[in-house]
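Accompanying notes for the structure given below.
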Amino acid sequence: MNYYLAAMEPFLFWGGLGIYIISLAMYGTRSGDWKAIIRFWEPLLKLNPTEFRTNRIGLSGMILAVVIRVYLNFLA
């Protein structure tokens, strides 16, 4: 089972990162406010439901990959 988790972890991380970047690109093309993406520490993004859902799917994939990495390195 650990072999499958180790094989799945990079795909989850890089896939999640790609999906997250796609959600930011969707916002940028819709709103034209590319500065809001660069200044991520200020709450300027007004995501519509599709962009928000895509953003959260990408973040969830990356977080799941980190949890798998911690499990494989410390608990397995």
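Which listed residue (W41, N73, S60) has the Cα farthest towards the positive end of the charge dipole for the chain, taking +1 on Lys and Arg C-beta and -1 on Asp and Glu C-beta about the Cα centre?
W41
Helix 49-70 versus the longest principal axis of the chain: what is the Cα-based angle in degrees, 0 to 90, to the nearest 10?
For 49-70 against the chain, the angle is about 30 degrees.
In the chain, if every C-alpha pair distance is counted and binned at 10 Å from zero, what percent goes to each bin?
20, 39, 24, 14, 2
Restricting attention to the chain, which chymotrypsin sites (Phe, Trp or Tyr not before Pro) occupy a DSSP loop and are surrounded by at most 11 other Cβ atoms within 10 Å?
Those that pass, being in a loop and sparsely packed, are F40, W41.
Of the chain, which part is the longest with no trypsin sites (Lys or Arg not before Pro) in a loop (DSSP not H, G, I, E, B) and with at most 15 other C-beta atoms within 10 angstrom?
The answer is 1-38.
Let me check against my output: what whole-number percent is the relative contact order of the chain, with C-alpha pairs under 8 Å and at least 6 apart?
53 percent
All of the numbers you see were taken from the coordinates with simple rules; none came from a lab. Just so you know, these numbers come straight off a predicted model, no measurement behind them. A quick note on method: Cβ atoms are made from the backbone with ideal geometry, for glycine too, and the neighbour counts reach across all protein chains shown.
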